[in-house]
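Reviewing the structure listed below.
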Amino acid sequence: MVKGLPVIEHYAPQTYGAGVDNFCFVQDKRGFIYVANGSGVLEYDGIQWRLIPLENRAAASWLTISPEGTIFVASLGEFGCLVPDSSGFLKYQSLVNRQTHPQLKFQTFWEMCASSQATYLRSYRHLVRYKNGSIKVWPADGDGFDIMGMVYDTIYTRIKHETIVRIIGDSLVPLPGGDFFKEIKINGFLPYQKNKLLIATRKDGLFIYDAGQIKSLKTEADDYLKKYFVYDTRQLPDGGYVIATLQGGVVLFDEDLRVKQIIDETSGLPANGVNSVFVDNNFNLWLGHSYHGITRIEIHTPLTLLNASTGINGRVKRMLRHKGTLYVMTNSGLFRLTEKGNAYHFESLHSGAPYYFDMFVTHGRLLISTGNGILEVKDDNVLTHTPVYTYAVLNSNRDSNIVYASEGLGMTIYRVGKSEKWELVKTISSVKVAVRTMAYDEYGDLWLGTEYEGLGRMQINKKDHLPDTVEFFDSKLGLPAGEISVWSTGAAPLFSGHDGFYKFSRQHHRFNKLSETEMAMHRENSEYWIGLNQGRWKITPMALQIMPEKTIINRLRAIKNAVDFIYWRDTDGTEWYGGDFLIAKHKPQPQTLLPERPTVVLRRVMQGLEVIFSDDEIKRNHQIVFESEPTQPIRFEFTAPVFEMRPQFQTRIIGLNEQWESWGNDPVRLYERIPAGNYRFEVRARDHFGRISEITGADFVVNPPWYLTHTMLMLFALVIIALVWLFIRYREHRLKQMNQELERLVEDRTRALKAKEAQLIQSEKMAALGQMVGGVMHEINNPLTFIQPNLEYVQLNLKKFISDIAANPVTENRQAEIREFERDTINALKSSAKGAERIRDIVSSLKSFSAYGKNQVMDVRLDHQLSGVVDLIFNQNNDIRFIRSFNDTRFVRIDTMEVMQCVVGILNNAVAAVHDALAEKILSQENAEIRILTMDGPDQTVILQIEDNGIGIPEAVLPRIFEPFFTTRTIGKGKGLGLSEAYAVIKKHHGNIEVTSKTRKGTRVIITLPSV
């Protein structure tokens, strides 16, 4: 016998919204349940009920389903089947032509069976076979047909007061020995063992039919079945049987017909009368009642319930097993589980205390702390050891005879004597708070969890095992406000508050909150749970861990509408859950007995109120098409026939959002303003076991509006192409005109720029020439300053001297004056001669430089050309030492004017750089120098190198020195055309010019020219 009660769910007529009589059940391939009801056919998809009316609002008397999945419906003078309507839901369609078969007009069909060959119906006066649109009718020869059933794909029926017959082909063939039942009312044909029939009678018991041999089968329920009348039968998925009675509920048998359980009103049925019984794919037992609706029973669930009828009273607070017996403490008393006959029963051991706080086993003792003191269960007796209000009790971890008791606002220590008498040892005066929990740490200290005062720590003396000192901790050290509980873990205890769990750090003398990752480290067999705001925590004497929302807890909440459950797990894996006036037993079953994982069904797709496509069309792989970008929401309706608890759903639209949405219970999804494109809607379901269904989906297309169709887009494209072509032609014409105008403008601007550049270059040259001429004039003026006075001296003194000689005779004294005059005159003439020579050299250099103005290309040696230029520059800057080293021997073909003007410009830059260095005192006067070097270079070239030790060029601007108009000189001292012009001239002569420089060190210019 099954101990405990199954999980039962009742659907009243007000729930499903139809008639009060329910006659028959079937389940389709999707898992939907269909019920033959007094108002038509009920459809239940696990979420909602729907009534399918028949013609003339007739009652549906029976249902059957063919191997292909077609549901046939029997009624008064009518039978038909369910087919999809335009909205995708099933509707009734008649299969009877009353003109062809008028004899069926007033017949009520009470039973139907669908074999692999055809569908059969029974009324009292006729048997009917429906096959591929044709109907065959067998009239009753005797008193009529009163039962029909199908076993091993064979149809059996009983002709009242005659015999049992089989339908073979087009004939009704008597069953050998079937006349045994001519006066026995039969209510069920079932398969039994191999090729045998189990025949259930109304009130004569069960029989086994085996090849003409009939044997009465005795069971424990024979008297029960005879008393309450068999009415319907079914075989269970595990090979067992269920028999429904008219007045006694249902009886469950195993495959050997041993009674497993009787379920009636005392078990939770709304009524004992059962019209029909059915077992679905998930082992749910469905019962149809008259006036009392429909009942669903979970017969193969590992969960059984023990409610108040078993003797349990109050809200369960603690459960544990001691010496093989399960003890339960509620807020009303102490109970233990016993077996009374074949059923569970809770025996009350103690009641009447104002409060029951805790129950635990310590050193072999089962202790209970109550408002009346400390209780101990010994055998069948409950002993009271102390009469004082006690919250918590704990044995010493060093001496099992020492007991710590939290009594009221303090703590007391007891010693258990040899006669089991509890003697008061000490009252701890330093503890004046309500201690609710106690636990030892790894150092032997006793921690105290209080109601309002935080935590206490009691240090225990190792000699007498009694406390030495007590220290209290509050929120200043990291604890939350309010009640704090302490839990033993076998090592460092854990402390719980309203917001989680904490651990004490001895190193930092502070409490640290634990994360879920840290909590996962504590995993052992559990004893009981406590509920927190975040998650659920499982407490054990040796461990503590955070638990997910277990499926069994979800089921219990759905059944009992409770929030928290106390938990105990036996060593064999059996779990016990305690709630309000309820204890649930959960014994895991083999995987073969678990229900199938859920199947999700996409029922229909709608836009606004219009049904676009239905489940039936989706199954035929019809593509869902929305004609234009939807202005009304697209509505997807789906379900999953999970009857134990409402399933959760997850959806996504591939092409719009690849991520799954959050799980939710709503079986409808609305999507607004989905842009044009190809998409796939997908949905999956999750049942209360956490199992996820396969993905169900449908492809759909959102067509663009008319102005975005392919035809219109092509037309738009052609128009755009034509407009673009015309625009391009117009632009080409305008661009051609603009190009011509631009070319003329560029030519004009180029000529102007070239003229301006030439003017600037000439200006630069003239400035350099003016500077050079100024220097030449200065150099010429210097010797003239002493030539002219010398000559004037000679002229004046010579004229005077000649006049004096002519007028006066030459005396000895005059001879001395003549010799002095001669010496002065010679010195003056020599000085004048040197000045004249200096003027001649300057004029010679100037004459040599002036020869370059002829703009002619000649084969020359650089050293011959450079001498005059260097002299000219040196004559102007004799404060700088010019060091020459002319070593070239090859001839170069150059325009001497252009090249020498470049050299002059470079030398002027060098002179300016040296002067800047002198001005900034970077360079001393005696070290100021410019080196001019020529040599024969590799690959038939001649190299000219000019190097100074002046101010240098900054590295950042060195790459720009050859740009026109770029200069490093201050405004007014240079136009930036020198090096750019030099670069152009050297490149014109197929040469190369390189400049290297270091700031405050100097600059080196290397010119390389090809030799002839």
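The values are calculated or read from the model by the stated rules, or taken from the named source; none is laboratory data. Keep in mind that what you see is a predicted model, and the values were worked out from it rather than measured. Here Cβ is always computed from backbone atoms with ideal geometry, including for glycine, and neighbour counts include all displayed protein chains. The area values use the complete protein model at the heavy-atom level, side chains included, leaving out ligands, DNA and RNA. Shrake-Rupley method; radii C 1.70, N 1.55, O 1.52, S 1.80 Å.
Structure summary
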{"read-out": "Test: residue in segment 253-269 that is out of contact with any helix residue (DSSP H, G or I) (no Cβ under 8 Å at 6 or more places or on another chain), in a helix (DSSP H, G or I) and of a type in the set (S, T, N, Q)", "value": "yes"}
{"read-out": "Residue match in segment 130-150 (condition: in contact (Cβ under 8 Å) with a residue 12 or more places away in the chain, open to solvent by 40 Å² or more (accessible area, probe 1.4 Å), closer than 30 Å to Asp210 by Cβ and touching a Lys or Arg at 6+ places or on another chain (Cβ under 6 Å))", "value": "yes"}
{"read-out": "Any hit, segment 936-957, residues being part of a helix (DSSP H, G or I), farther than 18 Å from Val985 by Cβ and at pLDDT below 90", "value": "no"}
{"read-out": "Residues located in segment 464-521, provided they are modelled with pLDDT of 85 or more, open to solvent by 30 Å² or more (accessible area, probe 1.4 Å) and aliphatic (A, V, I, L, M)", "value": "Val470, Leu477, Ala481"}
{"read-out": "Selection from segment 592-607 of residues that are outside any helix (DSSP H, G or I) and modelled with pLDDT under 80", "value": "Leu594, Pro595, Glu596"}
{"read-out": "Every residue from segment 195-224 that is among the β-branched types (Val, Ile, Thr) and out of contact with any strand residue (DSSP E or B) (no Cβ under 6 Å at 6 or more places or on another chain)", "value": "Thr219"}
{"read-out": "Any strands (runs of 3 or more DSSP E) falling wholly within segment 167-229 and containing at least 1 residues that are open to solvent by less than 20 Å² (accessible area, probe 1.4 Å)", "value": "186-192, 196-201, 206-210"}
{"read-out": "Qualifying residue in segment 408-421 (condition: without any contact (Cβ under 8 Å) to a residue 12 or more places away in the chain and open to solvent by less than 40 Å² (accessible area, probe 1.4 Å))", "value": "no"}
{"read-out": "Top-ranked residue in segment 348-365 [being hydrophobic (A, V, I, L, M, F, W, C) and closer than 22 Å to Leu424 by Cβ; ranked as farthest from the chain's Cα centre (by Cα)]", "value": "Ala353"}
{"read-out": "Counted residues, segment 881-936 - those being open to solvent by less than 20 Å² (accessible area, probe 1.4 Å) and under 16 Å from Thr1008 (Cα atoms)", "value": "12"}
{"read-out": "Cβ-Cβ under 9 Å pairs, at least 6 apart or on other chains, segment 986-1011 side more than 22 Å from Thr889 (Cβ to Cβ), far side among the charged types (D, E, K, R) and surrounded by fewer than 15 Cβ atoms within 10 Å (Cβ to Cβ)", "value": "Ser997/Glu955; Lys998/Glu955; Thr999/Glu955; Arg1000/Glu920; Arg1004/Glu994"}
{"read-out": "Subset of segment 68-87 [touching a strand residue (DSSP E or B) at 6+ places or on another chain (Cβ under 7 Å) and crowded, with 23+ Cβ neighbours inside 10 Å]", "value": "Ile71, Phe72, Val73, Ala74, Glu78, Phe79"}
{"read-out": "Filter pass, Ser87 being more than 55 Å from the chain's Cα centre (by Cα) and among the hydroxyl-bearing types (Ser, Thr, Tyr)", "value": "no"}
{"read-out": "Residue selected from segment 297-317 under the condition buried (at least 19 other Cβ atoms within 10 Å of the Cβ) and not in a loop (DSSP other than H, G, I, E, B), by the criterion farthest from the chain's Cα centre (by Cα)", "value": "Thr310"}
{"read-out": "Lone unmet requirement of (1) open to solvent by 10 Å² or more (accessible area, probe 1.4 Å); (2) modelled with pLDDT of 85 or more for Met458", "value": "(1)"}
{"read-out": "Qualifying residue in segment 286-293 (condition: in contact with a Lys or Arg (Cβ under 9 Å, 6 or more places away or on another chain) and in a strand (DSSP E or B))", "value": "yes"}
{"read-out": "Per-region count, segment 396-407, residues under 19 Å from Ile428 (Cβ atoms) and surrounded by fewer than 19 Cβ atoms within 10 Å (Cβ to Cβ)", "value": "4"}
{"read-out": "Strands (runs of 3 or more DSSP E) within segment 1-60 that include 3 or more residues within 20 Å of Ala271 (Cβ to Cβ) and aliphatic (A, V, I, L, M)", "value": "33-37"}
{"read-out": "Residue satisfying condition, being more than 19 Å from Glu451 (Cβ to Cβ), of a type in the set (A, V, I, L, M, F, W, C) and either crowded, with 16+ Cβ neighbours inside 10 Å or assigned by the TED database to the domain that holds Val470 (or both), within set Val431, Val388, Val382", "value": "Val382"}
{"read-out": "Spans of strands (runs of 3 or more DSSP E) in segment 629-686 with at least 1 residues modelled with pLDDT of 90 or more and buried (at least 21 other Cβ atoms within 10 Å of the Cβ)", "value": "634-639, 648-654, 677-686"}
{"read-out": "Pairs, first closer than 18 Å to Glu9 by Cα and touching a residue at least 40 places away in the same chain (Cβ under 8 Å) in segment 299-312, second assigned to a helix (DSSP H, G or I) and β-branched (Val, Ile, Thr), C-beta under 7 Å, six or more apart", "value": "Leu303/Ile552; Ser309/Thr266"}
{"read-out": "Scan of segment 1-32 for residues that are among the polar types (S, T, N, Q) and either within 27 Å of Leu556 (Cβ to Cβ) or surrounded by fewer than 20 Cβ atoms within 10 Å (Cβ to Cβ) (or both), ordered by number", "value": "Gln14, Thr15, Gln27"}
{"read-out": "Residues within segment 687-700 that are outside any loop (DSSP other than H, G, I, E, B), open to solvent by 20 Å² or more (accessible area, probe 1.4 Å) and not polar (S, T, N, Q), tallied", "value": "2"}
{"read-out": "Considering residues of segment 230-244 that are assigned to a loop (DSSP other than H, G, I, E, B) and small (Gly, Ala, Ser) only, the residue least open to solvent (accessible area, probe 1.4 Å)", "value": "Gly240"}
{"read-out": "Leading residue by the ranking (surrounded by the fewest Cβ atoms within 10 Å (Cβ to Cβ)) among those in segment 362-379 that are hydrophobic (A, V, I, L, M, F, W, C) and in contact with a Lys or Arg (Cβ under 9 Å, 6 or more places away or on another chain)", "value": "Leu366"}
{"read-out": "Check on Ile65, of a type in the set (A, V, I, L, M), touching a residue at least 40 places away in the same chain (Cβ under 8 Å) and either closer than 24 Å to Arg166 by Cα or open to solvent by less than 10 Å² (accessible area, probe 1.4 Å) (or both)", "value": "yes"}
